[in-house]
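Have a look at the structure below before the remarks.
The values are calculated or read from the model by the stated rules, or taken from the named source; none is laboratory data. Quick caveat: nothing in here was measured; it's all calculated off a predicted structure. Ideal geometry is used to build each Cβ from the backbone, glycine not excepted, and the neighbour counts take in all protein chains shown.
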Amino acid sequence: MPSTIPYNVQAIRAEFPILHRKVKGKNLVYFDNAATSQKPTAVIEALTHYYSHYNSNIHRGLHTLADEATAAFEASRVAVQQFIHAENHEEIIFTKGTTESINLIAHSWGNTFLQQGDEIIISSLEHHANIVPWQLIAEKKGAAIKVIPIDAKGRIDMNAFQQLLSPKTKMVAVVHASNALGVINPVEEIIRLSHQQGAMVLIDGAQSAVHLDIDVQALDCDFFVFSGHKIYGPTGVGILYGKKELLEAMPPYQGGGEMIKEVSFEKSTFNELPFKFEAGTPNIADVIALKSGIDFIQNIGKSEIRKHEDELLEYATAKLKDIPELHIKGDVQHKVSVVSFVIDGVHPQDLAILLDNQGIAVRTGHHCAQPLMKCLGVVGTTRVSFAAYNTKEEIDILITALNKSIKMLK
Ligand code: 7TS
């Protein structure tokens, strides 16, 4: 939004109380943003304000608190709709996370539309959350899973993808930006080619929603899923976007209150969208507070944050490359602010412990992407991932700590 105002990282940091704590006596350096982002005061206050002022169940009460809570809950749905440029707010379903969103689609859509012999295409870059639900439904329906290979830098092989696509392909489920490497997939092209074959496309936006402009109408994806906790919102809220006509054709995922129109012991009829997919009392407080996370991003401007994060990415990549025994995985131009690396003779877990002793939070291991690690020929990596509030000074602290740790471990 205000692109004329210089990016004030210190003012942004002041909005995040957790950044002022110490870890092992050192100032916290939080570089595990791809796992979950920290929360601005506005999000924390939205939670306490809800519980202190208008805690109530929604959509069913005829009293002031219920009306206020319902209005705030539905305002969050509209905020999400605008955040990803969906056409209708009915196309936004609240779940508990990306994982639940994918399970809902695999179960509801998969049970209805998949048949024996059909094929589902995923990529080698997928998080387990976009692998296992498809395996479960494929096994049940007699469908097969095909995997798009990648090159040594983690880029999808588009020729191989085109070879895999066929009239048997019913679903193409791919990650937008890899959580383990940061590599951004050419989803526009993947969607276009998949639709030519009549296949549906699900985009796992868990890592992209916070960094990239998302326009689900321009993308023309059939489903887009992401998690609130990675976009500065609370844990326990996920988003499932689906095209209206598709969601209307899909049966409910769970039965219970809220999702019905009328119930008798003989038969029940189902509520309209989006409530058909939101059985039971939802995660009201966290859904409401998610809007404050989205507002935080919109107030600074996603492109402003991206510019800052890209600078951090470039700075960190150059500094890391100066360490001779360190090798970056997924070292491509087109990526989000994630750097994953291995160091000769150093186990990532040992490194994480030493970095934690210096107040630095990074992620190590397979990043819930074991098949990807196998493709890359590593057991795991060390991953640093940046957010709006990180600084170059923090990267300098990381580099000093890395050099010190490598000396200790070798
Ligand atoms: N898909 C991708 C691409 C992800 O990065 C994650 C979480 C998920 C799905 C699952 O999201 P959830 O909110 O339902 O758990 N990724 C990570 C990570 O990289 N480190 O911790 C969680």
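Some notes on this structure:
- For the stretch 310-339, filtering for residues that are among the polar types (S, T, N, Q) and either over 30 Å from GLN82 (Cβ atoms) or surrounded by fewer than 23 Cβ atoms within 10 Å (Cβ to Cβ) (or both) leaves 2.
- Flag for PRO133 being within 15 Å of the ligand (Cβ to nearest atom), surrounded by fewer than 24 Cβ atoms within 10 Å (Cβ to Cβ) and over 22 Å from ARG306 (Cα atoms): yes
- Residue check, SER37 within 27 Å of the chain's Cα centre (by Cα) and at pLDDT below 95: no
- Test result for ASP204, buried (at least 22 other Cβ atoms within 10 Å of the Cβ), acidic (Asp, Glu) and within 13 Å of the ligand (Cβ to nearest atom): yes
- For the stretch 155-174, taking the residues that are surrounded by fewer than 24 Cβ atoms within 10 Å (Cβ to Cβ) and among the small types (Gly, Ala, Ser), the one that is farthest from GLY205 (Cα to Cα) is identified as SER166.
- Candidates THR364, THR381, filtered to the one that is surrounded by fewer than 22 Cβ atoms within 10 Å (Cβ to Cβ), closer than 16 Å to SER178 by Cα, touching a strand residue (DSSP E or B) at 6+ places or on another chain (Cβ under 6 Å) and not charged (D, E, K, R): THR364
- Count of the stretch 274-309 residues which are in contact (Cβ under 8 Å) with a residue 40 or more places away in the chain, surrounded by fewer than 19 Cβ atoms within 10 Å (Cβ to Cβ) and outside any helix (DSSP H, G or I): 2
- Selection status of GLN135, outside the structural domain of HIS366 (by TED's automatic domain parsing) and part of a helix (DSSP H, G or I): yes
- Put simply, of ILE214, ILE203, ILE239 the only residue that is assigned to a strand (DSSP E or B) and in contact with a Gly (Cβ under 9 Å, 6 or more places away or on another chain) is ILE239.
- One residue stands out in the stretch 175-190 among those that are under 12 Å from the mean Cα position of the chain (by Cα) and of a type outside the set (Gly, Ala, Ser): the one that is surrounded by the fewest Cβ atoms within 10 Å (Cβ to Cβ), namely HIS176.
- Residue that is farthest from VAL237 (Cα to Cα) [pool: residues in the stretch 13-45 that are more than 16 Å from the ligand (Cβ to nearest atom) and part of a loop (DSSP other than H, G, I, E, B)]: GLY25
- Unique residue being modelled with pLDDT of 95 or more, touching a strand residue (DSSP E or B) at 6+ places or on another chain (Cβ under 8 Å) and within 16 Å of the ligand (Cβ to nearest atom) when the list is GLU119, GLU100, GLU91: GLU100
- One residue from HIS107, HIS85 being within 21 Å of the chain's Cα centre (by Cα), surrounded by fewer than 21 Cβ atoms within 10 Å (Cβ to Cβ), part of a loop (DSSP other than H, G, I, E, B) and not basic (Lys, Arg): HIS85
- When restricted to residues that are more than 22 Å from GLN115 (Cβ to Cβ) and away from the ligand (no atom under 16 Å from the Cβ), the stretch 156-181 contains 7.
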